[in-house]
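Participant: Take a look at this one; I'll ask things after.
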Amino acid sequence: MNHLGLNPWIHFHAALLIWLVAPGIEAATITEDFSGDPLARGWQVFGDASLFHWNPANQNLEVTWDSSQGNSYFYRPLPAVLGKNDDFSLAFELQLKDVAVGLSPDKPFTFEVAVGLFNRTQAMGTNFVRGTAKDSPNLAEFDYFPDSGFGATVSLALVSSNHQFLASMNYPLELTAGDAFQVTMRYTASNRTLSTVMTRNGESFGPIQDLKLSAAFTDFQVDTVSISSYNDEQSGGSLLAHGVVDNVTVTVPEPPIAGFAGELVDGWWQAEFVGRMGWTYVLEQTSDFRTWTGIAGPLPGTGGRQVLTDTRHASGAWFYRVRAER
């Protein structure tokens, strides 16, 4: 469950009322062109930091995907948690310099080059294993498997919170070394479909088969964009690849509450806002910012203007917030 404590506060003491209005917020877009140090712009490293190197001269990120190392991520948290009821997109540029698979005698097959979205709490856990189809929950990912005898494969992957695994395997599609590939992944909540368009050196590449959630697919919860070098534990394959990633763009939906306003109406204090379907809203109150008490709601989101009202006429100094829960 995700909740968002918002900052339009109302201070009510006797006849004194001070209120702020939070403006509506459009869909959030994270864009990284690596023209500056990404570690100074919200990006972080988990695992082996030597696998990721910002090149200021070329303004890109040099990446080593080495499955012999532990799970390692160059990642940035998103401003919202995304699930199957949210529209979102991820675009990036990828150029591989060299790839080698089957480097371990006991793992002679291929393994993946990965860029995508995950749940960072789970992905950074010791029991997150990408080499199986059942131990890496909460993924929305682009994967490339270099050829190891069965054809080079581009795959989309969606994994639910309870380990339901979906993949679209597109082969033979080789990401040839030295060529510049542009990948645009777009998830549409209305038809629950993840679609991907690719180009190679500016020309169409593919096509890539869509990945559509079935009615039985539960949900996923992703909160982080990551360039991911996974460990090949419990896999029959191994990988060592070098390349660069550039021009990463992630677009997420507008926040669950917008157009917030607070006012006294006939002696009752009201919070008015635009809610979103799929969310529930509770008006909370505090006098010390340590303990919050729900005083109105829960109110299901409608997609339009909604009101939560404090009908208690409590005396003293109070601060209010609206909490949104998926």
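The values are calculated or read from the model by the stated rules, or taken from the named source; none is laboratory data. Predicted model only: the values in this text are computed from it and were never measured. All Cβ positions, glycine included, derive from the backbone under ideal geometry; neighbour counts span all protein chains shown.
Participant: Conditions first: (1) among the small types (Gly, Ala, Ser); (2) without any contact (Cβ under 8 Å) to a residue 24 or more places away in the chain; (3) at positive phi. Residue 102 passes all but one, so which condition is the exception?
Facilitator: Tallying (1) among the small types (Gly, Ala, Ser); (2) without any contact (Cβ under 8 Å) to a residue 24 or more places away in the chain; (3) at positive phi, residue 102 fails exactly one: (2).
Participant: Might you let me know whether region 96-112 holds any residue that is in a loop (DSSP other than H, G, I, E, B) and under 30 Å from residue 254 (Cα atoms)?
Facilitator: no
Participant: To continue, here is another question. Of everything in region 271-291, what is over 29 Å from the mean Cα position of the chain (by Cα) and either buried (at least 19 other Cβ atoms within 10 Å of the Cβ) or within 25 Å of residue 190 (Cβ to Cβ) (or both)? Give them in sequence order. Spell out the reasoning first.
Facilitator: Kept after step one, since they are over 29 Å from the mean Cα position of the chain (by Cα), are these residues of region 271-291: 271, 285-291.
Matches in region 271-291: 271, 285.
Participant: Out of (1) buried (at least 21 other Cβ atoms within 10 Å of the Cβ); (2) over 27 Å from residue 53 (Cα atoms); (3) among the small types (Gly, Ala, Ser), what's the single condition that is false for residue 243?
Facilitator: So residue 243 meets the others, but not (2).
Participant: Hey, another quick one. Return a yes/no flag: does region 164-173 have any residue that is free of Cβ contacts under 8 Å to residues at least 40 places away in the same chain, more than 24 Å from the chain's Cα centre (by Cα) and surrounded by 18 or more Cβ atoms within 10 Å (Cβ to Cβ).
Facilitator: So far as region 164-173 goes, yes, one or more of its residues are free of Cβ contacts under 8 Å to residues at least 40 places away in the same chain, more than 24 Å from the chain's Cα centre (by Cα) and surrounded by 18 or more Cβ atoms within 10 Å (Cβ to Cβ).
Participant: Look through 150, 145, 111 and report the one residue that is out of contact with any Cys (no Cβ under 8 Å at 6 or more places or on another chain), among the aromatic types (Phe, Trp, Tyr) and surrounded by fewer than 23 Cβ atoms within 10 Å (Cβ to Cβ).
Facilitator: Residue meeting the stated conditions: 150.
Participant: For region 209-219, name all the residues that are closer than 29 Å to residue 44 by Cβ and at pLDDT 95 or above.
Facilitator: 211, the sole residue that qualifies.
Participant: List the residue pairs whose Cβ atoms are under 8 Å apart, where the first residue sits in region 194-209 and is closer than 16 Å to residue 179 by Cβ and of a type in the set (S, T, N, Q), the second is at pLDDT 95 or above and outside any strand (DSSP E or B), and the two are 6 or more positions apart or on different chains.
Facilitator: 201/179; 201/180
Participant: Further question on the same structure: Have a look at 236, 262, 304, 294 and point out the one that is in contact with a strand residue (DSSP E or B) (Cβ under 7 Å, 6 or more places away or on another chain) and surrounded by 19 or more Cβ atoms within 10 Å (Cβ to Cβ). So that I can check it myself, show each step before the final result.
Facilitator: Details: 236 fails: surrounded by 19 or more Cβ atoms within 10 Å (Cβ to Cβ); 304 fails: surrounded by 19 or more Cβ atoms within 10 Å (Cβ to Cβ); 294 fails: surrounded by 19 or more Cβ atoms within 10 Å (Cβ to Cβ).
Going through 236, 262, 304, 294 in turn, the sole match is 262.
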